[in-house]
Every structure is written in structure tokens, then in C-alpha cells.
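Read-outs: derived from the displayed coordinates by stated rules, not from any lab. Here the structure is a predicted model, which is why all the values come from computation and not from measurement. Ideal geometry is used to build each Cβ from the backbone, glycine not excepted, and the neighbour counts take in all protein chains shown.
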Amino acid sequence: MSDVYEWEGKIKRKKMLFVYNPMAGKEQIKNKLSDIIQIFCQSDFLVTVVATQKKEDAKNIVIEQGAKYDYIVCSGGDGTMNEVATGLMHLEKRPVCGYIPAGTVNDFASSLKIPKIMKRAAQLVTEGTVFHCDMGGFNDKFFTYVAGFGAFTEVSYQTPQELKNALGKTAYFVEGIKHVAEIKPHHMRIEYDDQVIEDDFILGLVSNSVSVAGFQAYRKKNIKMDDGLFEGLFIRDLKNLLQMQEALNALLTKKLDAPEIFKFSSNKIHIISDDEVQWTLDGEDGGFCREVLMQNYQQALPIICAKKVQESISMLPKKS
Ligand SMILES: [Mg+2]
């Protein structure tokens, strides 16, 4: 890369922009910042540090400054990661991205198996391998792993911690289905490939991997996050107790085979709703939309993960 340069004659230093959200995950980065920077400097990075002050800061700094760097590493929750990835999508030549999770919800980090311990995640940035991950376009926004609306998105932060620990992501769905009577369905027309489906839906998830919020929806051997395809999972309006039971069973058994559940894969999804639907992107507010166009940008995000992980989530043949 052009910005790797000779410094004081001998040491080759790679330029890194380190963007972190000081408030993320109960300010857990506070006592670790020095160690993290130390790890980067030991590996001959020249580090520029930015602490975000408000929403959109991370995105804007990447758009404004990103092209000057070889690496852009961020620390924060899913929201910070989403902003940095969004910023990178605006750059013609994308620096390598690294992620040190600090938020309480880090679904993207877990799918990339990035360590939860911050120092270990920093170490991974210095020694990991680059994985070219798919990015989702959502109208003029982006998401790294999931766009959704309905039951799931509203309950994700209300589910009791014990239940989350016991059931993982299933807990979200169970809680969501329990509140199904309160959920207002949306009438939608969903277009993908040459298919059209029109119905009332209470939940929709469009995910970047075959694991849709913890469910191995397609029973493929491995999760591929660079295959250029979204996995869509939509639940139709549940009109009676029997349908509710069927849907719940399908979710709990992870078979997803109930008639109330509609799933598909595609690289482009167009959704038109009768009303304004509130979407979430990577767990953050995605705004109200009547019309949504989702486009898969295949292998658009170069992000560091462990070599073993890269081999398991990539559709590309293993390099020896
Ligand atoms: Mg995929």
C-alpha cells in the first residue's frame, strides 16, 4: 500500500486511524486504551486516535480522512462498526478494517469470532488475515449483517438477561412471539429475483449470512459471509393460537418449516409496504420506510479476522 513508508530510515510503519466510542459498553475502553495503543505500536503502526463525540462522527471521520490510512480500526458497539463500514463504502480504495468490540450487543463480532477481550481483539488486528465480507445496501444506508423490522427488533433489548444467556438469540424470537398480539402487521410486497410475494408480515430479517439471528436457516455446512447473497426470513401475521404454536415450534426447533415462515436467498430485495415501517440496521435505528431496496455488495468490506475463521466463513477456496 502506498502509505507504508520508511520512517527514520528503517522502520516501516503502517498508518492506522483508530476510531473509538468512549461511551460504548459501559465505558469499558477507559482503562484499556493505553494497552490497545501499545499493542498497535509494538507492531509498527503509526496510530491516529479519534474519540467519537456524537452519532455519525465515526462515519464522517472515515469519509473525510479514511483514504489517508492503510488501516481503520474501530472500537465500540454494532453501531460504531456500522458507521465505520458505512464510511468505508464511500471510499474508492478501502483501507483494511479492524474491530475491537466494546458494546453490549456485538452480533457482527461474534459471527467473525472476534475476541470479546479487548486486548486480544487488538492483538488480532496486528496478526489476523483480511476477509472480504459482503456488505448490505439499504436505500442510501448500509448494514454489515442484518436489516430487520417487527417483533425481533423491538424486544432485543427488553429480553431478560438470564433468558438471553439460556436461549441465545432464540430468546428474542420467543419474547417476540409472546407479544405477537400487540404487534401490528405490515402489508408488504416483496420482490426478489423473478419472484413476488404479497402478504401481511409481523417480522422480517434480511441477513448477510445463513445464520439469521442465530438460526441456521438453510442447513448449509458452513456460514458464508462473502457469497453475495442475503438470507431473508419473514414471518406472516399469526392469526390464531395454532399458527402461533406452529411458528414458535418452527423457531424453537430451528427447522423454520412452518407455513407462517417465508425464507429465501437473493442478492437484491425490493420491498414496498402499505405503511411506514420502522427498520433497524445492525441493531440501530434505520428509520421509517415505505419502500426499501436492498442490494448485496459482494466482498466489499475488507475486515480482519483469524485465518481459521476466514477459511470457515469464506466461499473462496483455501489458500495454502
Ligand atoms: Mg451471504
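Quick one: Karplus J couplings for the range 263-280, per residue in order, coefficients 6.51, -1.76, 1.60, θ = phi - 60°, nearest Hz, x for Gly and Pro?
9, 6, 10, 6, 9, 8, 10, 10, 10, 10, 10, 6, 10, 6, 10, 7, 9, 10
Treat every Asp and Glu Cβ in the range 5-127 as -1 and every Lys and Arg Cβ as +1, leave all other atoms uncharged, and give the resulting dipole magnitude about the Cα centre to the nearest 20 debye. Each step should come with its number before you reach the end.
Details: 18 positive and 14 negative charges, 45 e Å.
The calculated dipole for the range 5-127 is roughly 220 debye.
Length gain on complete extension for the stretch HIS90 to GLN195, per 0.36 nm per residue less the alpha carbon to alpha carbon distance? Walk me through the intermediate numbers first.
Details: separation 105, 0.36 × 105 = 37.80 nm, distance 3.09 nm.
Length gained between HIS90 and GLN195: 34.7 nm.
Along the range 11-19, what does the Karplus equation 6.51 cos²θ - 1.76 cosθ + 1.60 (θ = phi - 60°) give for ³J(HN,Hα), rounded to whole Hz, x for Gly and Pro?
Each residue of the range 11-19 in turn: 7, 8, 10, 8, 7, 10, 9, 10, 10 Hz.
Taking the beta-carbon count within 10 Å as an exposure proxy, list LYS55, LYS14 from fewest neighbours to most. Could the numbers behind the result be given before it?
Details: LYS55 14, LYS14 20.
Ranked by crowding around the Cβ, least crowded first: LYS55, LYS14.
Amide H to amide H under 5 Å from LEU91: which residues, 5+ apart in sequence or cross-chain, H placed 1.01 Å off N in plane?
none
Past 23 Å, Cα to Cα, is the threshold; run LYS15/LYS119; LYS26/LYS93; LYS12/LYS55 against it and keep the listed order.
Numbers: LYS15/LYS119 19 Å; LYS26/LYS93 34 Å; LYS12/LYS55 34 Å.
Exceeds cut-off: LYS26/LYS93; LYS12/LYS55.
Given H placed on each backbone N at 1.01 Å, which residues far from GLY287 in sequence or on other chains put an amide H within less than 5 Å of it?
TRP279
What list of ³J(HN,Hα) couplings, whole Hz, do you get for the range 27-39 from phi and the Karplus terms 6.51, -1.76, 1.60, once you set θ to phi - 60° and write x for glycine and proline?
Values per residue, Gly and Pro as x: 6, 5, 6, 2, 8, 10, 4, 4, 4, 5, 4, 4, 4 Hz.
Over the range 6-142, what is the relative contact order in percent, taking alpha-carbon pairs closer than 8 angstrom and at least six residues apart? Each step should come with its number before you reach the end.
Details: 217 pairs, mean separation 35.5, N = 137.
Relative contact order for the range 6-142 comes out at 26 percent.
Using a cut-off of 16 Å between alpha-carbon atoms, which aspartates and glutamates can reach LYS224, once sequence neighbours fewer than 8 places away in the same chain are excluded?
Straight-line reach from LYS224, under 16 Å: ASP107, ASP134, GLU311.
With contacts defined as alpha carbon pairs under 8 Å and 6 or more residues apart, what's the relative contact order of the range 53-111 in percent? Could you put the intermediate results ahead of the total?
Values: 77 pairs, mean separation 23.3, N = 59.
It comes to 39 percent, rounded to a whole number.
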